[in-house]
1. List, in the order given, every pair from Lys47/Lys188; Lys151/Lys188; Lys26/Lys183 whose Cα-Cα distance in the structure shown is over 21 Å.
2. If you look at just the Cα atoms of the stretch 72-148, how large are its Rg and its Dmax in Å?
3. Share of Cα-Cα pairs in the stretch 145-207 beyond 16 Å, in percent?
4. About its Cα centre, what dipole magnitude does the stretch 85-207 give when the only charges are +1 on Lys and Arg Cβ and -1 on Asp and Glu Cβ, stated in debye to the nearest 20?
5. Mind jotting down the distance between the C-alpha centroids of the stretch 77-100 and the stretch 132-151, whole Å?
6. Mind grabbing the accessible area of Met35 for me, 1.4 Å probe, Å², rounded to tens?
7. Keeping all protein chains in place and using 1.4 angstrom, which order do Ile105, Ile32 fall into by accessible surface area, from largest down?
Amino acid sequence: MIFQKIKFLIFLLLCGLSCFAQDQHKLAVYNIRAMGMNIGTITVQEKIEGENLFVEATSDVEVCLIFKIRAKYMQSSRYRNGVLQESLLKTYKRGKLNSTTRLAINDNGYIMDKDGKISQINDVINYSGSSLWFHEPKEGASMYFEISGEKAIVKLISPHKYSIKHPNNGNKNEYTFKKGILKNALIKHSLANVYLSLQEVTESVPN
């Protein structure tokens, strides 16, 4: 039960935690804190290659309560000319695959495959949870959660600070940006708030 609650919090973080011309790479590392403890990190890499933008996010979480809980989440997404083409989210429990969620574009929108359960999303996705890391949103924009295919509207709190209401629990998570990059995030939950803070970021343009 404890593991399920912690897993849900990190799900929110990953999911709740474009089009560019020049090839470039970005790497960011975030610290995850909850219940007064440092519980892990998220490493995010973005690569722009021609018309394609690739995002990979990996979290490594370890919580010591009555016993040690370890979980890992791996998310990858690909955009082409500013439109999401595909995404994949895998969760691991005790080193074994726990769940898989795939999203792939088709003629009518997207096919979502969540552990073999198929559903259709009839829309065009231009901004999703994987976009949050390196691209500050616009007020009123629609953001999709790759894990559920649900949509939320971005609300402006103050300059460079936004709230996004989670479709499942109604909590308004907060995201703060600096120079277009996510600096801090607050994921609200009845069990415990999860805090995300940027530790380092590097950018490079391949020769």
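The values are calculated or read from the model by the stated rules, or taken from the named source; none is laboratory data. Computed from a prediction, not measured in an experiment: that's the story for all the values here. Cβ sites come from the backbone with ideal geometry, for glycine too, and all protein chains shown count toward neighbours. Heads up: the accessible areas ignore ligands, DNA and RNA and are worked out on the full protein's heavy atoms, side chains in. Shrake-Rupley method; radii C 1.70, N 1.55, O 1.52, S 1.80 Å.
1. From the list (Lys47/Lys188; Lys151/Lys188; Lys26/Lys183), the Cα-Cα distance tops 21 Å for Lys47/Lys188.
2. Expressed in Å, the Cα Rg and Dmax of the stretch 72-148 come to 13.0, 39.
3. 55
4. Using Cβ point charges on Lys, Arg, Asp and Glu, the stretch 85-207 gives about 520 debye.
5. After rounding, the separation between the Cα centres reads 15 Å.
6. 80
7. In descending accessible area the options line up as Ile105, Ile32.
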